[in-house]
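The structure under discussion appears below in the form of structure tokens.
The values are calculated or read from the model by the stated rules, or taken from the named source; none is laboratory data. Every value quoted in this text rests on a predicted model; they were computed, and no experiment measured them. Glycine also receives a Cβ, built like all others from the backbone with ideal geometry; neighbour counts cover every protein chain displayed.
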Amino acid sequence: MANDELNLIALAQHFSDEDKAREFIEKLRWPDGPVCPHCGEVNNAYRLEPKLPKENGKGKHVRKGVWKCAGCREQFTVTVGTIFEDSHIPLSKWLLAYHLLCASKKGMSAHQLHRMLKVTYRSAWFMAHRIRYTMSQEPLSSKLQGIIEVDETYIGGKIRTVPQVQQFGTRPKDRVSPVSNKAAVVSVLQRGGRVQSKHVTRVTTENLRPIIEEMVAENAHVMTDSSTVLKGAMRGRKHDQVNHKAEEYVRYENGVCITTNSIEGYFATLKRGINGVYHHVGKQHLHRYLSEFDFRYNSRKEKDGDRTLMALKSAGGKRLMLRDSRLPN
């Protein structure tokens, strides 16, 4: 089946059968033949035919999809060493979950997956987290160059405060910061290219400087808003600002468009997804959701089927246990 035909209807029609779903993942992971996860040999394995136990209950039971390496004599399946390993959820439902998360611009909640795939909410939540883990980006092979937009945003609801009665002889209570209960997110976006987002504890020059040094090339042209914190993290890079407080959003200097509208557009999609679909995201899990939104933005020019295949190809070599779901990528 061609990549442009990989849509929800095709998945439901062709891969509702578990055998077909497994064969599809085998072709995707092993284009040159089966690869043994134990010794690494390629195309030197044979498939074991399923066998039922003998009438007396003795004998080995071989399930479908098991291969045996002719080199090291170890058995394996296509799910070994992937996020599918040891999962009791059918591969056909995994494929559907992948496509739903990759094709939905603002994401899909675990409750929606729970209702559509007929799995428990706990299973749907962990499935989505494991898929987000495969969407996480590898460290950049080279720093971002050209025009770079950097900005921060805050994820979380508004603080609910009640009027405080000041008693005679006491000082008024300190005013609560409007972002004290929110999670700070810093994003670095290459105009016309990729974006990478990070959750930081506080937006300070000390926290932002390592991020800029890691991602942005020294000869890049950085554009931000009028934040003094962002200005202090640039370290000699060419830097221009737009003053949003003065309602300045775009200006041109020597034919160069100075604006942060691209990264503001990314934040708009991120916040509409968090507020409208997920409603609440714990700070300990925020980096998983940022990986999801970064992945979809970076593959925004791809078709839904191609984006799904990109995510599926990243499933190998990654495992995520429930106890480790809060750990960084």
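At a glance:
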{"quantity": "Hey, Ala183 over 26 Å from Ser142 (Cβ atoms) and either among the β-branched types (Val, Ile, Thr) or at pLDDT 90 or above (or both) or not", "calculated": "yes"}
{"quantity": "Lone unmet requirement of (1) more than 17 Å from the chain's Cα centre (by Cα); (2) modelled with pLDDT of 95 or more for Ser141", "calculated": "(2)"}
{"quantity": "Output for the range 135-153, where each listed residue is out of contact with any strand residue (DSSP E or B) (no Cβ under 7 Å at 6 or more places or on another chain) and within 24 Å of Lys313 (Cα to Cα)", "calculated": "Met135, Ser136, Glu138, Pro139, Leu140, Ser141, Ser142"}
{"quantity": "Scan of the range 177-207 for residues that are touching a residue at least 60 places away in the same chain (Cβ under 8 Å) and of a type in the set (Ser, Thr, Tyr), ordered by number", "calculated": "Ser187, Ser197"}
{"quantity": "The range 44-69 - residue that is among the small types (Gly, Ala, Ser) and within 37 Å of the chain's Cα centre (by Cα) and, of those, modelled with the highest pLDDT", "calculated": "Ala45"}
{"quantity": "Count of the range 282-321 residues which are part of a loop (DSSP other than H, G, I, E, B), within 14 Å of the chain's Cα centre (by Cα), surrounded by fewer than 20 Cβ atoms within 10 Å (Cβ to Cβ) and not basic (Lys, Arg)", "calculated": "3"}
{"quantity": "Top-ranked residue of the range 243-281 - restricted to ones that are aliphatic (A, V, I, L, M) and within 16 Å of Val188 (Cα to Cα), ranked as surrounded by the fewest Cβ atoms within 10 Å (Cβ to Cβ)", "calculated": "Ala268"}
{"quantity": "Some residue of the range 99-114 being over 24 Å from Leu270 (Cβ atoms) and at pLDDT 90 or above", "calculated": "no"}
{"quantity": "Hey, Arg132 out of contact with any strand residue (DSSP E or B) (no Cβ under 9 Å at 6 or more places or on another chain), within 30 Å of Met223 (Cβ to Cβ), not in a loop (DSSP other than H, G, I, E, B) and not small (Gly, Ala, Ser) or not", "calculated": "yes"}
{"quantity": "Only listed residue being in contact (Cβ under 8 Å) with a residue 12 or more places away in the chain and touching a helix residue (DSSP H, G or I) at 6+ places or on another chain (Cβ under 9 Å), chosen from Ser227, Ser262, Ser291", "calculated": "Ser291"}
{"quantity": "Some residue of the range 223-231 being assigned to a loop (DSSP other than H, G, I, E, B) and not basic (Lys, Arg)", "calculated": "yes"}
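For every residue, the table says whether it meets (1) among the aliphatic types (A, V, I, L, M); (2) farther than 20 Å from Met310 by Cβ; (3) outside any helix (DSSP H, G or I); (4) touching a helix residue (DSSP H, G or I) at 6+ places or on another chain (Cβ under 7 Å).
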site	(1), (2), (3), (4)
His38	no, yes, yes, no
Gly65	no, yes, yes, yes
Cys72	no, yes, yes, no
Thr79	no, no, yes, no
Glu85	no, yes, yes, no
Tyr98	no, no, no, yes
Gln112	no, yes, no, no
Ser123	no, yes, no, no
Phe126	no, yes, no, yes
